[in-house]
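What follows is one structure encoded as structure tokens, with my remarks underneath.
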Amino acid sequence: MKISLGLPLPSAGALATVISGSRTTPLVPASSVGLRDRYGRRATDMRLSLTDKCNLRCTYCMPADGLNWLTKKHLMTDNEIVRLVRIGVEQLGIRELRLTGGEPLVRADLVDIIRAIRTSHPDLPISLTTNALGLENKAQALKDAGLNRINISLDSLHPDTFAQLTRRPLLLNRVLAGAEEADRVGLGLIKINAVLVRGVNDHEAPQLLDWALTRGFELRFIEQMPLDADHGWTRKGMISAAEIRQRLEPGFVLTPDPRQRGGAPAERWEVRRRTAGGAPNAGVAGTVGIIASVTEPFCSDCRRTRITAEGKVRSCLFSHEETDLLGLLRTDADDGAVARRWQEAMWGKPKAHGMDNAGLDTADYVQPERTMSAIGG
Ligand code: SAM
Ligand code: SF4
């Protein structure tokens, strides 16, 4: 993996270029506002990883033995996180923040971090992606601190299958209790993220949808991406969006959600249950989202900028480059210099991830070195 250390500034207004290794990397124009890239996109949605650590070992994400966790001095502190969010919001046009990991609930200062961000930004939508272990006891404090919404990852409603996927036994009930508690304290519309793995939980798609609809949660199926530590992903093994829709078909009728997608990764569908005779019920039971990152990519409308737990910008999940901001934060650099480096990193955002190419199972696609948990999903 190549780590870029920020680029020299171009002359005012010019679209200069610099030779980086064998590539020619265009530099961000000095007049650029916000986190723009060369293809006309503007990132306004910040995904910030609070830690690379996790208490589960989902087969599509983490290796069985975990990773070499970052040491404390390499992780962003609470103050550094709050400063970075402030720079993003005040100088770079960030409009939405998602906290993720690893598992953000393992961070002891999570509630304090959210409270501090909320104090500085009363109107910023703040959400959290979590496996929900421990949420039962923290949901109220998170809500009180200013968290708006929560995404919970849940791939199976069967204890044995859950254990097989997460490589940890006896935890499903705690996740379900966490989801209920988040709902009880009013943590917005709760979204449930599910990854289907062929031969393990793919038969559960209808059951997961029924469970979510019954509780008023929005289920989102995520196509499995080649970001696992075990490099076990294959295109044939992946359950595609088309296959997910097919599997839901016997029990549900899906029609495109008329609301604008607006750069959201999930394509949303209104769901009607089928009657015993197979006809759709008149009333809409809820919505389901399908995130088809591999087979129906949405790169051209991507609005995300990612910061890893050690303060590096990743312009794309599938990027092979990262740009260090934490090193700069730890010097006497002012906010403008940090913002500028962040802009430079985003200017180099790749046009697309390339996974949709038919040649994915060949050497065309190079999996990034870091796994989903280490990048921040
Ligand atoms: N630990 C938290 C959780 O599981 O929700 C937050 C981090 S996790 C990396 C964020 C999301 O990424 C989860 O919903 C998880 O299912 C998803 N994810 C992880 N690896 C994935 C992969 N290879 N393909 C698709 N989604 C993945
Ligand atoms: Fe942990 Fe989330 Fe990765 Fe599962 S998906 S191993 S819960 S970081």
For the chain, cysteines whose Cβ has no other cysteine Cβ within reach (under 4.7 Å): Cys54, Cys299, Cys302, Cys316
Leaving out ligands, DNA and RNA, and with a 1.4 Å probe, what % of the accessible surface on segment 258-312 is carbon or sulfur? 50 percent
What list of ³J(HN,Hα) couplings, whole Hz, do you get for segment 315-324 from phi and the Karplus terms 6.51, -1.76, 1.60, once you set θ to phi - 60° and write x for glycine and proline? 6, 8, 3, 9, 5, 9, 10, 9, 10, 6
Just Leu170, Leu84, Leu248 to compare: in a GNM of the chain, with alpha carbon springs under 10 Å, which one fluctuates most? Leu170
Counting only DSSP loop positions in segment 269-362, the chymotrypsin sites (Phe, Trp or Tyr not before Pro) whose Cβ has at most 10 other Cβ atoms within 10 Å are none
Charge context of Ile222, other residues only, Cβ under 12 angstrom, K/R +1, D/E -1: -1
So which aspartates and glutamates pass the test for Lys349, namely a Cα distance under 16 Å, with those fewer than 8 places away in the same chain ruled out? Asp37, Asp45, Asp301, Glu321, Glu322, Asp324
Select from Gly188, Pro169, Val28 the residue farthest towards the positive end of the dipole of the chain; place +1 on Cβ of Lys and Arg, -1 on Cβ of Asp and Glu, and compute about the Cα centre. Val28
Could you tell me whether segment 142-283 comes out rounded, prolate or oblate from its Cα gyration tensor? Rule is a ≥ b ≥ c as square roots of the eigenvalues, rounded for a/c under 1.5, then prolate if a/b exceeds b/c, otherwise oblate. rounded
Would you mind checking which residues have amide H under 5 Å from Leu157's amide H? H placed 1.01 Å from N; only 5 or more apart, or other chain. none
Please compute the alpha carbon radius of gyration of the chain, then divide it by the globular-protein estimate 2.2 N^0.38 Å. Two decimals is fine. 0.99
Extension length gain for Arg168 and Val200 (0.36 nm per residue less Cα distance), in nm, is 10.0 nm
Arrange the peptides 234-243, 135-144 so that the one whose residues have, on average, the most other Cβ atoms within 10 Å appears first. 135-144, 234-243
Using the crude model of +1 on Lys and Arg Cβ and -1 on Asp and Glu Cβ, and no other charge, please compute the dipole size for the chain relative to its Cα centre, in debye to 20. 480 debye
Around Val185, with a cut-off of 9 angstrom between Cβ atoms, what is the net charge of the other residues, counting Lys and Arg +1 and Asp and Glu -1? -1
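The values are calculated or read from the model by the stated rules, or taken from the named source; none is laboratory data. Nothing here was measured: the structure is a model prediction, and the numbers come from that model. Neighbour counts are summed over all protein chains in view; Cβ atoms, including those assigned to glycine, are modelled from backbone coordinates with ideal geometry. The area values use the complete protein model at the heavy-atom level, side chains included, leaving out ligands, DNA and RNA. Shrake-Rupley method; radii C 1.70, N 1.55, O 1.52, S 1.80 Å.
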